[in-house]
Amino acid sequence: MKIEETVILVDRDDQETGTMEKMEAHIQGKLHRAFSVFIFNKKGELLLQKRADNKYHSGGKWTNTCCSHPKPGETNIDAAHRRLQEEMGMTSELSFVFSFIYCTTIQDDIIENEYDHVFFGITDELPVPNPDEVSSFKYITMPQLATELENNPGDYTRWLAICFDEVMTHYKQLAVSEEK
């Protein structure tokens, strides 16, 4: 028996308005809270995961290190740490970087309408991916990823493409601050 997951519905100011079963929220396109984690190694390469083929949407596509939804009563940072461990089998110190709202139809019956909180982490710890979640992983430089997103957009999740420019801006700031 599959356990139903619940997401936190929010308004455009990220104020909670209720909860809903995850699939129902995606079918109805209800705005809900989410998070995305971007892990970089000490060389500045981003750790990407290839979503398992059996995922309910975007299976087989490359995306950021991990992403999901906080559970009711769970903070965004706690949820990010939980899913990093569950999906990638790793830990990292995480820092909140920015939030964004996006709404896009992923497939005929799935609408992503998310208030997404983005976290960065830096570690050389190697992932031990959960095969139910992740089919592969790789490290890539940000310029290489920019080229890939331009040349092969269908190989990547929509939300990665949507937030990439802002991720790149913050990545450049991170690189500059580390040089000091």
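The values are calculated or read from the model by the stated rules, or taken from the named source; none is laboratory data. Everything numeric in this text was worked out from a predicted model, so none of it was measured. Here the Cβ positions follow ideal geometry from the backbone for every residue, glycine too, while neighbour counts run over all protein chains shown. The area values use the complete protein model at the heavy-atom level, side chains included, leaving out ligands, DNA and RNA. Shrake-Rupley method; radii C 1.70, N 1.55, O 1.52, S 1.80 Å.
Less than 20 Å from a label point 7 Å out along the Cα-to-Cβ axis of M23: which backbone N atoms in the range 119-134 qualify, by residue? Correct set: 132-134. Once both labels are positioned 7 Å from their Cα atoms along Cα-to-Cβ, the gap between E45 and E166 label points is 2.8 nm. Evaluating 6.51 cos²θ - 1.76 cosθ + 1.60 at θ = phi - 60° for every residue in the range 13-30, the Karplus couplings come out as 9, 6, 8, 4, 10, x, 9, 7, 4, 4, 5, 5, 4, 6, 5, 7, x, 6 Hz, glycine and proline recorded as x.
What ratio of Cα Rg to 2.2 N^0.38 Å holds for the range 94-180?
Working: Rg = 14.7 Å, N = 87, 2.2 N^0.38 = 12.0 Å.
After normalising by residue count via 2.2 N^0.38 Å, the value is 1.22.
Heavy-atom surface analysis with a 1.4 Å probe gives the chain a carbon and sulfur content of 48 percent of its accessible area.
Averaging over all projection directions, the Cα-based convex hull of the chain occupies 10.3 nm² in the image plane. Have a look at T91, T19, T65 and tell me which one the Gaussian network model of the chain (Cα, springs below 10 Å) gives the largest fluctuation. Residue with maximal mean-square fluctuation among T91, T19, T65: T19. Taking amide H atoms as placed 1.01 Å from N in the peptide plane, the amide H of H32 lies under 5 Å from those of V10, N113, E114, Y115, each 5 or more residues away in sequence or on another chain. Diffusion coefficient of the range 47-98 by Stokes-Einstein, Kirkwood radius over Cα pairs, 20 °C, 1.002 mPa s: 179 µm²/s. Close amide H partners of T6, meaning residues 5 or more places away or on another chain with modelled amide H under 5 Å apart, are K22. Full extension of the segment from R12 to N151, taken as 0.36 nm per residue of separation minus the current Cα-Cα distance, would add 46.8 nm.
For the options D109, D13, D124, a Gaussian network treatment of the chain with springs between C-alpha atoms closer than 10 Å singles out D13 as fluctuating the most. Please state the relative contact order of the chain as a whole percent: Cα pairs under 8 Å, 6+ residues apart? Relative contact order of the chain: 25 percent. Judged by the ratio a/c of the largest to the smallest principal axis of the C-alpha gyration tensor, the range 1-81 counts as oblate, that ratio being 1.5 or greater while a/b is no larger than b/c. Amide H contacts of G60 (H built 1.01 Å from N, in plane; Pro and chain starts excluded): R51, A52, D53, K55 sit under 5 Å, all sequence-distant by 5 or more or on other chains.
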